[in-house]
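Heads up: the structure comes next, in structure tokens.
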Amino acid sequence: MSSDRKKANPSQSSDQKRKESEEQLNLLQTITRELAAADDLSSALKIVLRQVCEKTGWALGQAWAPNRQEAVLDLVSAWYCGDGELKPFKAVSEASHFEPGVGLPGRVWKSKQPAWLENVTNDPNFPRSAAARMAGLKTGVGIPILSGGKVIAVLEFFMRESREQSERFLKVITAVAGQLDLLRRATHAEAAARERQFRTLANSI
């Protein structure tokens with residue numbers, strides 16, 4: 001019987017990888033389509049967090065951005081699948097502010113690289129470990145959104161099971177992050193254009 005299981009495992013693993021690949025491709029297509037209708041970065045972040053959680057099984061997603069002084073990261077958007085049991089973690093996150101290098105968002109902010117933790121409750125540099133344990137969270141991943149070599153936001157996702165790092169998932173979310181940067185640039189360009197038009201009109205008056 002054990003030999004039969006061993007023979008079946010490679011096939012199951014292959015099927016699982018194919019299913020995950022299809023889910024992630026569908027996710028990328030869906031997000032690309034919905035981002036086209038987003039008005040600004042804030043609404044775009046909500047779209048990304050919701051779609052990633054709903055389509056790939058992550059329990060929650062959060063977005064962090066530098067405050068005006070660029071001294072700490074503040075929570076700016078979040079999506080929770082099943083709010084009840086996640087309340088302790090939600091409350092701690094909302095009260096948190098991360099300096100560069102501190103916590104999952106802080107280390108991504110400092111390194112400008114994705115970070116994957118198979119079990120956040122065992123990580124010494126995860127200040128919200130107690131709340132994560134209460135909420136039953138295990139795997140955590142953080143992905144930076146870069147613009148001109150500068151981190152403008154950090155996306156953070158969690159699930160209730162330990163999962164090894166998925167390069168394919170990271171590539172998909174990194175591609176999404178690139179689209180968010182393009183959206184931000186376009187929004188800023190439109191705002192600058194409107195301001196120039198206003199000044200031209202004001203000068204003519």
About its Cα centre, how strong a charge dipole does the stretch 66-189 have in debye, to the nearest 20, once Lys and Arg get +1 and Asp and Glu get -1 at the Cβ?
-> 220
At R0 = 45 Å, FRET efficiency that the Cβ-Cβ distance of ALA36 and GLU118 yields, to 0.05 | 0.85
Amide H contacts under 5 Å for ARG160, placed H, 5+ residues apart | ALA59, LYS138
Please sort 44-54, 169-179 by packing, taking for each peptide the average over its residues of neighbouring beta carbons within 10 angstrom, highest first.
-> 44-54, 169-179
For SER147, other-chain or 5+-apart residues with amide H closer than 5 Å (H placed, Pro excluded) are ILE152
Taking amide hydrogens as modeled 1.01 Å from N in the peptide plane, which residues meet the under 5 Å criterion relative to SER77, leaving out close sequence neighbours?
-> ALA63
Hey, what does the equivalent ellipsoid look like for the stretch 27-154, semi-axes from the Cα gyration tensor as sqrt of 5 times each eigenvalue, largest first, whole Å?
-> 22, 19, 13
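Every number in this text was worked out from the coordinates using simple rules, so none of it is lab data. Computed from a predicted structure; not experimentally measured. Neighbour counts are summed over all protein chains in view; Cβ atoms, including those assigned to glycine, are modelled from backbone coordinates with ideal geometry.
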